[in-house]
Structure formats: C-alpha cells, structure tokens
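Just so it is clear, none of the values below were taken in a lab; they were calculated from the coordinates. Keep in mind that this is a model prediction, so the values were computed, not measured. Don't worry about glycine lacking a Cβ; one is built from the backbone with ideal geometry, like all the others, and counts go over all protein chains shown.
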Amino acid sequence: MPLLRSLLAQILFSLPIWDSFMLDYNVPGGKLNRGLSVIDSYRLLKEGKDLTKDEIFLACTLGWCIEWLQAYFLVLDDIMDDSHTRRGQPCWYRVEKVGMIAVNDGILLRNHIPRILKNHFREKPYYVDLLDLFNEVEFQTASGQMIDLITTLEGEKDLSKYTLPVHRRIVQYKTAYYSFYLPVACALLMAGENLDNHALVKNVLVEMGIYFQVQDDYLDCFGDPEVIGKIGTDIEDFKCSWLVVQALERANSDQKKLLYENYGKKDKASVEQVKKLYHDLDLKGVFAEFESKSYEKLVSSIEDHPSKAVQAVLKSFLGKIYKRQK
Ligand code: GPP
Ligand code: MG
Ligand code: MG
Ligand code: MG
C-alpha cells in the first residue's frame, strides 16, 4: 500500500475525495497474485543478480498497473453479473450513492494505466510494446467477457450450447491473458526480451489461466464466501460454468430435465436443486481429478522449456494457485 499511495501522489498530486475513496475501495484487498508475479518473474529472469532500486520500482509499478486493470474489470464485471460482494465487502456499485457512477469509475481506473506508463516508461525502448501489450490484453479480455455474457441471453436459455470447447474459449479470453500472460509478459519486456520469441511461455500461461478459471467456477459454488470474499452467482446468472458443462456430460435424462428447469433461476429453491444435483454427480470428485491432472500436465509442459529461469518463473506462478481455496 505505501507504494500505491506514493504512486498515486506522483500521478495525481491533488486527489479529489471521491477518487481517493474509490481507489482505496477497489484497488487493494485482493490476493495481489497478478501484481506480485511481475516482480517475482523479473527477479527469476535475472537469475539471482541483485536488482537496483529503480528496477524494483519499475517492476512494482507494472504490478500495480495490472492490479488497477483488475480493479477496473471487477467493478464492471460485478455490475454485469449482478453480484453482491467482492473481497469481503459490498460490490462498489452497491455502495450507497455510488450505483451507476461505478461505470465511470471503472473507466477512470482504466485510464490511469496509460498515464502511469507514460510517467515511468516513456523513455524505455520497450514503451511501445508495453502499451501495445496492455491494449491487446484488454481487447482479449473484453472479447471473452462478451462471449461469457451473450451465451446467457434471456429467451435463448438452451443448455445444449454449453460444451467444453465453448467454456474453454470463454475462459481463455476473459481470464487467462490478463491474469497469467500479462504479468510474465511485462517482466519479459523489462528484461529486454522480444515477446514474439516466447510463444511456448504464452501457451503454458494460457493453459494455467484456463485451470485458474475452472477453480473460480468451482469456488463460485463450493467455496466458502467468508474465504473467497464473494457470493457466487453463476447458477442464477445461467453462466457457462465448468460445473454445468461437467453436469451436462454426466446427467441422465431425469437429471438433465431437472437442470433445464432450475438452471438460471434466481430463487433459492432452484439454486439448491442445482447444487444438490452437482453433489449427486460428485462434481467435487470430478474437480479433484481435473485439478491433479492439470497440475501434472502443466508441470510437464513447463519442464519442456529450454531455459531454467523461465521454468522457475512458470513454476512459481503455478505454485501460487495450485489447490487454492480463494
Ligand atoms: C472473471 O469472470 C473475468 C473477469 C473479471 C473479466 C471481466 C472483464 C471485463 C471486460 C469487465 P467471473 O465473473 O467468473 O469473475 P468473478 O467470479 O470474480 O466475478
Ligand atoms: Mg463475476
Ligand atoms: Mg463475469
Ligand atoms: Mg466467477
């Protein structure tokens, strides 16, 4: 937090009260996995060499840029998903007097990123690549979010369109690029690397991101809201969640009928029926199996990479999320 405050002071030397409160409410409070991965990855890429104060400051600055991007996505995602809580507090748009001002706050959060980059990276040879990276990743995320939303459209409530390839496409775009590829790509750029030479790294990180979003889908239903800081809404929202896809693959015709009748309804009784079906189909066991298989596959593709430093970066990121409870 002191770094966030000093960054803020440098960027906006007189903060209006609203902006200051809005930033404090929305930017900190998460796990900081994405932000911390920039500095961790950069350190590992430097293979034990001492980092200068300037290098640490710049890597932390990029880490915070990703946390601001995340804050922007979450403020808007919670409106779109009709969510109630986030990080153990009411979603920003549900705070008294905020409401739809949250849409503009999301835009403000997003607009701070190129300003921070301009302040601190304008003279760097990789400045243009950095801007391009943030823009591209934001486009990919918004595209994923679009598919996530349009597959749920009212009046077209047909579960037969929910298959594993559709789920994979949604989560690859809405989550994997910004949560996994972006932090490591930032560290690679700082280390003077050309991102075009790192397709293998990108592929592994995208697979890791898909695994991470499957965990998110699982925790939406089976996680403890006290621990994950949010109350799940995927069943009510008719989301193409990994759980519903798995349920559809395993359900008999009576169970399918029950799912068709209750999935996507707001009332508690319908949600409970769906959760009971997930329990009957042992989706907890199916997930545990998926989790260990994914881990093995990821470790093996990481070990295919020729560079030990890159392997360390990828293993460190995987270690942060394997069997996570929040
Ligand atoms: C996670 O989906 C994806 C995002 C937060 C990206 C949002 C992108 C925008 C362009 C707004 P989710 O809804 O499953 O996340 P959560 O479970 O945390 O609400
Ligand atoms: Mg959401
Ligand atoms: Mg969402
Ligand atoms: Mg979710």
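So if I take the centroid of the Cα atoms in the stretch 167-205 and the same for the stretch 73-87, what is the distance between those two points in Å? Each part reduced to its Cα centre gives a spacing of 24 Å. With a cut-off of 12 Å between beta carbons, the residues surrounding Q172 carry a summed charge of +2, where Lys and Arg count +1 and Asp and Glu -1.
For the peptides 276-287, 191-202, the ranking by mean Cβ contacts within 10 Å, running from highest to lowest, is 276-287, 191-202.
For the stretch 23-113, the list of GluC sites (Glu not before Pro) that fall in a loop by DSSP and count at most 14 other C-beta atoms within 10 angstrom reads E47, E96. Of the complete DSSP H runs in the chain, none spans 24 angstrom or more by Cα along the long axis with a mean Kyte-Doolittle score not below 1.0. Database remark: amide H of I231 closer than 5 angstrom to the amide H of H84, T85 (H placed geometrically; neighbours at sequence offset of 5 or more, or on other chains; Pro and chain starts carry no H).
Under the simplified labelling scheme, the Q255-K97 pair shows an inter-label distance of 5.1 nm, with each label point 7 Å from Cα along Cα→Cβ.
For the peptides 318-326, 104-112, the ranking by mean Cβ contacts within 10 Å, running from highest to lowest, is 104-112, 318-326. In the stretch 57-97, a dipole from Cβ-located charges (positive for Lys and Arg, negative for Asp and Glu) runs towards its positive end, and of L69, G88, F57 it is F57 whose Cα lies farthest in that direction.
Mean residue ellipticity, 222 nm, helices only, the chain: the sum of -39500 (n - 2.57) across DSSP H runs of n ≥ 4, divided by residue count and rounded to 500, is -21500 deg cm²/dmol. Can you bin the stretch 2-321 into rounded, prolate or oblate? Criterion: square roots of the alpha carbon gyration tensor eigenvalues sorted a ≥ b ≥ c, rounded for a/c under 1.5, prolate for a/b above b/c, oblate for the rest. Here the stretch 2-321 falls in the oblate category.
Tell me whether the stretch 151-212 comes out rounded, prolate or oblate; compute the Cα gyration tensor, take square roots of the eigenvalues as a ≥ b ≥ c, and use a/c under 1.5 as the rounded threshold. Verdict is prolate for the stretch 151-212.
Summing charges over all other residues whose Cβ lies under 11 Å from the Cβ of Q145, with Lys and Arg as +1 and Asp and Glu as -1, gives -3. Other residues with beta-carbon under 13 Å from the beta-carbon of E291 carry, at +1 per Lys or Arg and -1 per Asp or Glu, a net charge of +1. Length gained on full extension, N104 to R122, computed as 0.36 nm times the residue gap minus the Cα-Cα distance: 3.8 nm.
For the pair S143 and K53, label points projected 7 Å from Cα toward Cβ lie 4.3 nm apart.
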